[in-house]
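Remarks on the structure that follows.
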Amino acid sequence: MLTAFVPRSQARPDAAMLVRIRPPVSPRAFDTPSDAGGCITVRWQLSPDDQPGGKLVEGYGIYRAEEPAGPSAALRVNSFKPIDVVPAGTTEYKDSSTDDAKTYRYRLVALSEFENSEPAETPVAQSSLQLFNLNRLNLLVISIIISGTVIFYIQYLKSGRQTFIRKIAGLEAVDEAIGRATEMGRPILFIPGIQDMNDIQTVAGMIILGRIAKTIAEYDTPIEVPTSRALVMTTAREIVKEAYLAAGRPDAYSDDMIYYLTDEQFGYVAGVNGIMVRKKPAACFYMGAFFAESLILAETGNDIGAIQIAGTAMPAQLPFFIAACDYTLIGEELFAASAYLSGEPKQLGSLKGQDMGKIIAMACILFGVFLATLTSVTGSSAILEVLEWFRSFFSVSA
């Protein structure tokens, strides 16, 4: 509503009571920095009559005019049109309805109940697109730090030196589960989730399947991989075939190891449960995205006495796997499995570098908490200035 541009009272006071309020001071308009264009920022100092307690100014009216070029510049007179009203105490306004191809000029008027101030006019301004958003400079610095740690650890491990990688119990138990199935002469069951290959959890499960397939090819242990997506079946066949070839046992591979059941969620679960009950696998792997079927699968595997290793990034299903399985890969442990199992320097270096980046981020958070606590206890202005800089640097602007 732009009604505040005119006095609200129809009854004018006596001349002795009438007070002409003063306009805002030093208005200026400029292209809004670090944006995608189409926005001009108007900034000013408060009117001398806009003061705490008994102030006369009730708001500021903002007018805008397109600035013509050349001899037609005289047409600018009376071309200002109202665009918005802001409350008293405001010193900045962002006009996000500008055209980058046009030049604008603004006028600001201090508003009161009976009388408005003379207009204060800004120089011309034009909006434009910025190539870099400096409000996201913090992300650039953090990205450089994390990228630097990743590159450092990749080169460090390529040189033949070792670094500490936290043991993941579920991945450490993979060979144990395969060995148990081999000794018992019973198959291994691998479930790659119920999502298609466009899900990152399914991709992570396929990587683990390749590692398992290479080991069982050496031990000549049978494996069953029922899938609920045709593309997952095709991908799994290629991965297992490559694993058998790498192990020197291409003749032992058969497409019948990996097969398609159905896309229907509970139809797939019923089919897998039937396979479990009939063939009684000694080891069951659940690696991928799971939903309501997670507990049904895990309970059936537990009932037949199989050693079970699960891994998923679905938070709602983790409690069921933790309760019913022997080992569970929680969240990002599933995605770290390829690096953990391969031992390849590039993958391990990336994993270690990302972990160090998280440590650096946590250290920054703890440092900020320490500064905030110290400021509240001591009231030091110097610490407050450091804290404000820290907060402005590590907060991402919208």
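Bear in mind that the values in this text are calculations on the coordinates, not laboratory data. Values in this document were obtained by computation on a predicted structure and should not be read as measured data. Backbone-built Cβ (ideal geometry, glycine too); neighbour counts: all protein chains shown.
Observations
- Max-minus-min Cα coordinates of the chain on each principal axis give 106, 49, 44 Å, with the largest extent listed first.
- Placing a label point 7 Å from the Cα of ASP303 along the Cα-to-Cβ direction, the residues of region 254-270 whose backbone N falls under 17 Å of that point are 266-270.
- Anchor LYS280: lysines whose Cα lies under 25 Å away (excluding residues fewer than 8 positions away in-chain): LYS214, LYS241
- Measuring how big region 230-284 is from its alpha-carbon positions, Rg and Dmax come out at 13.2, 38 Å.
- Seen from PHE320, the other residues with C-beta closer than 15 Å to its C-beta sum to a net charge of -4, counting Lys and Arg as +1 and Asp and Glu as -1.
- Ranked by the mean number of other Cβ atoms within 10 Å of their residues, highest first, the peptides 306-315, 158-167, 179-188 fall in the order 306-315, 179-188, 158-167.
- Stokes-Einstein, applied to the Kirkwood radius of region 204-296 over Cα pairs at a viscosity of 0.890 mPa s and 25 °C, places its translational diffusion at 178 µm² s⁻¹.
- Seen against the Cα atoms of the chain and their longest principal axis, helix 200-219 is set at about 20 degrees.
- The magnitude of the dipole of the chain, with charges of +1 and -1 set on the Cβ of Lys/Arg and Asp/Glu and taken from the Cα centre, is near 780 debye.
- If the segment from VAL369 to ARG278 were pulled out straight at 0.36 nm per residue, it would be longer than the present Cα-Cα gap by 27.0 nm.
- For the chain, DSSP calls about 60 percent of its internal beta bridges antiparallel.
- Qualifying lysines (Cα of each under 18 Å from Cα of LYS81; at least 8 residues distant if same chain): LYS94, LYS102
- Cβ crowding within 10 Å averaged over residues, with 284-294, 342-352, 208-218 ranked highest first: 284-294, 208-218, 342-352
- Helix 174-184 axis, angle to the chain major axis (alpha carbon atoms, nearest 10°): 30
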